[in-house]
Amino acid sequence: MSRKRKANKKRQGGRVTPSTSKKPVTRPGAGFAPFGLGDEELSSGWPANAAAPGPQPEVRDVFSAMAGAIGSLRDGHPADVEQLASEFVAILAIAASEQGDEPADGSPSAANRARALEMLGVAARLLAEAEAQRARPHADYLDCLRALDPFLDDAARVAARSAAERAGDRAPVPQWADAIWSGQPIGAWRAGDLLGDSVNLGVELDWPGGWERRVLWGSLIITEGPFVNDLVVSTLDEFTEVYTPGTGHPAGPDGRPYLADVIRFLDEADLAATLRDLKLGLLVASEHADVPVQPGHDSLAPLAGLLLNRLPVAGPEEPSSTSEAERDELVSSFLNSPERSVLNGVAPVEVRERCEPLFDYVEQRSDGDVHRWSPAVAAAFLDWYHQRTTSSDDAPDDGAEHDRFRQVVEAWIRYCHRLKGWPESVTVEALARLDAHVQPGIDPAKVWGQALSDGLEHLAEEFGGNLGFGDEVGDANESGTRPADGSSE
């Protein structure tokens, strides 16, 4: 993978809940103040006199937007406050990533995320000391410190808790104070469709005090992954309002017909395995800057990290692989199938040779299911195959050989779809992508983009968001409309 991450590009998978006014911040960075606190700054970006006593008006500027938002949530659900805190930490990481006036390119690195927590610790300690000296502490700023507690270092946490204790009755305590960051997992959910290109993994959480249960959803992209490309917190009812089990994906007036035949499901799942898959998917997304993610991923990654790091997860699954004997048996079954009839002039030994990269791909880059050849898998395979053979002797070097390669791939797709029992519309779509991609001299970057974005256009209407490129998406964000999208194919 080699492309830079771009936040507004159309992606596969992603957000599955409708836009809602309950979210206090509509997008990462919306309304938050700049993070400079004075002329003299340390390398971390905070004042050289950070330890100086006395009120620091500048530090309140840093938290002012969060304080304004948290003030409207005094009676709100602890999950809403947790999301606000997570977005604040994410914005600090973005600030740590920026160089001068240049915006950050892609998600913050691990180093910048660590630097952001250092920045937060200094700022929180300054704010706690300032509020502790006030005759009437500002409740909203104390609530900011309460909400950010798990992200603080020991010194800042002690200062923040001390300021809240000293405030006593002078600053009212919010209803969520005893429940925040105490949600416990009580179950898990798995939502997907028959093609299996992506899956929405949900961890259902229950907070003490009788609060409404919420689900932390992660959209796990299987093809070219697996990695988590988006995160969202919602109720189960909100999820099913836009992701209705037992129905196909709405294709829209200009959508591809096969989407209506791709039936979706929602099932209960094993909690430990769900936590494992989410944790590994987030790890892949955080370690590879070129993995495409939705804006919501970075906003809620701090929240998801806190949850997943404190819970036991299942051990990693053993990677699946097929032996040479098993591959021979797979090819033998293929050669004895009705689909073999279209392989005009292709000898069995060459069929075996041409099937080898098909098997390699699903083991190295997909989920190991040698018969799962959805339209997205077919397109992504061709990207991978062309990249692998560009500088090797494996690529077809003449028209006849190129045609034989295409015949084998087409016959294999038809064969696998028959075994899966998939609708003919899915096969038609997969072969259309084969026609579009099997071309000498193809640009792999274009294949990557199409493989991940094809099939998403229909989601714009379904979820009321804009999944397009560039200014169109930016305009929607500025107006407070947060792009919303769901699992694709």
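The values are calculated or read from the model by the stated rules, or taken from the named source; none is laboratory data. What you see is a predicted model; the values in this text were computed from it and never measured. With ideal geometry, Cβ positions are generated from the backbone for all residues, glycine too; neighbour counts draw on all protein chains shown. In case anyone asks, the SASA skips ligands and DNA or RNA and just uses the protein heavy atoms, side chains included. Shrake-Rupley method; radii C 1.70, N 1.55, O 1.52, S 1.80 Å.
Could you tell me which residue of the range 260-271 is surrounded by the most Cβ atoms within 10 Å (Cβ to Cβ), considering only residues that are over 14 Å from Trp189 (Cα atoms) and touching an Asp or Glu at 6+ places or on another chain (Cβ under 7 Å)? Before the answer, list the steps.
To start, the set of residues in the range 260-271 that are over 14 Å from Trp189 (Cα atoms) comprises 260-263.
In the following step, the residues that additionally are touching an Asp or Glu at 6+ places or on another chain (Cβ under 7 Å) were identified as 262-263.
Numbers: Val262: 27, Ile263: 14.
Here the answer is Val262.
If I ask for residues that are farther than 18 Å from Leu127 by Cβ and open to solvent by less than 40 Å² (accessible area, probe 1.4 Å), which ones from the range 169-179 would you list?
Trp176, Ala179
For residues that are at pLDDT 85 or above and in contact with a strand residue (DSSP E or B) (Cβ under 9 Å, 6 or more places away or on another chain), scanning just the range 299-311, find the one that is surrounded by the most Cβ atoms within 10 Å (Cβ to Cβ).
Residue satisfying both the conditions and the ranking: Ser299.
Condition check: closer than 27 Å to Pro78 by Cβ and of a type in the set (Ser, Thr, Tyr). Does Ser234 satisfy that?
Here the answer is yes, as Ser234 does meet what is asked.
Test each condition in (1) modelled with pLDDT under 95; (2) assigned to a helix (DSSP H, G or I); (3) under 28 Å from Val409 (Cβ atoms) for Gly345 and report the one that comes out false.
Condition not satisfied by Gly345: (2).
Listed residues Leu152, Leu126, Leu194; which is over 30 Å from Ile263 (Cα atoms), of a type in the set (A, V, I, L, M, F, W, C) and under 33 Å from the mean Cα position of the chain (by Cα)?
The conditions single out Leu152.
Quick check on the range 277-298: of everything there that is within 9 Å of the chain's Cα centre (by Cα) and open to solvent by 30 Å² or more (accessible area, probe 1.4 Å), which residue is farthest from Asn309 (Cα to Cα)?
Step by step, filter the range 277-298, then rank; the result is Pro295.
Which residue pairs have Cβ atoms under 8 Å apart, sit 6 or more places apart or on different chains, and have a first residue in the range 294-305 that is polar (S, T, N, Q) and a second that is modelled with pLDDT of 90 or more?
Here the result reads Gln294/Ser219; Gln294/Asn229; Gln294/Asp230; Ser299/Gln83; Ser299/Ser86; Ser299/Glu87; Ser299/Ala90; Ser299/Leu231, each pair linking the range 294-305 to a residue that is modelled with pLDDT of 90 or more.
Please count how many residues of the range 133-162 are open to solvent by 20 Å² or more (accessible area, probe 1.4 Å) and either in contact with a strand residue (DSSP E or B) (Cβ under 8 Å, 6 or more places away or on another chain) or farther than 20 Å from Asp178 by Cβ (or both).
9
Can you tell me which of Thr274, Thr240, Thr244 is at negative phi and crowded, with 20+ Cβ neighbours inside 10 Å? Talk me through it step by step, then tell me what you get.
Working: Thr240 fails: crowded, with 20+ Cβ neighbours inside 10 Å; Thr244 fails: crowded, with 20+ Cβ neighbours inside 10 Å.
Just a single option satisfies the conditions, and that option is Thr274.
Any residue in the range 343-372 that is touching a residue at least 60 places away in the same chain (Cβ under 8 Å) and farther than 16 Å from Gln407 by Cβ sitting within a Cβ distance under 8 Å of a residue that is among the aliphatic types (A, V, I, L, M) and surrounded by 15 or more Cβ atoms within 10 Å (Cβ to Cβ)? List the pairs, counting only those 6 or more apart or interchain.
The qualifying pairs are Arg365/Ala380; Ser366/Ile222; Ser366/Val377; Ser366/Ala380; Asp367/Ile222; Asp369/Val362; Arg372/Leu195; Arg372/Val362.
Within the range 210-246, count every residue that is free of Cβ contacts under 8 Å to residues at least 40 places away in the same chain and either closer than 30 Å to Ala177 by Cβ or part of a loop (DSSP other than H, G, I, E, B) (or both). Break it down into steps so the answer makes sense when it comes.
To start, the set of residues in the range 210-246 that are free of Cβ contacts under 8 Å to residues at least 40 places away in the same chain comprises 210, 213, 215, 235, 237, 240, 244, 246.
Narrowing the set further to residues that are either closer than 30 Å to Ala177 by Cβ or part of a loop (DSSP other than H, G, I, E, B) (or both) leaves 210, 213, 215, 235, 237, 244, 246.
The number of residues fulfilling the criteria is 7.
Is there a residue in the range 186-200 that is more than 19 Å from Asp237 (Cα to Cα), without any contact (Cβ under 8 Å) to a residue 60 or more places away in the chain and surrounded by fewer than 18 Cβ atoms within 10 Å (Cβ to Cβ)?
The answer is no, given that none of the residues of the range 186-200 is more than 19 Å from Asp237 (Cα to Cα), without any contact (Cβ under 8 Å) to a residue 60 or more places away in the chain and surrounded by fewer than 18 Cβ atoms within 10 Å (Cβ to Cβ).
Being modelled with pLDDT under 95 and in a loop (DSSP other than H, G, I, E, B) narrows it down to one of Arg166, Arg136, so name that one. Lay out the reasoning, then the answer.
On the way: Arg166 fails: in a loop (DSSP other than H, G, I, E, B).
One residue alone meets the criteria, Arg136.
Cβ contacts < 6 Å: first residue at pLDDT below 65, restricted to the range 312-341; second residue surrounded by 12 or more Cβ atoms within 10 Å (Cβ to Cβ) and charged (D, E, K, R), any location; separation 6+ or different chain. Result?
Ala314/Arg276
Is it the case that Ala114 is open to solvent by 10 Å² or more (accessible area, probe 1.4 Å) and on the phi < 0 side of the Ramachandran plot?
Yes; evaluated as a whole, the condition is true for this residue.
Just checking, how many residues over the range 194-209 are assigned to a strand (DSSP E or B) and among the aliphatic types (A, V, I, L, M)?
The total comes to 4.
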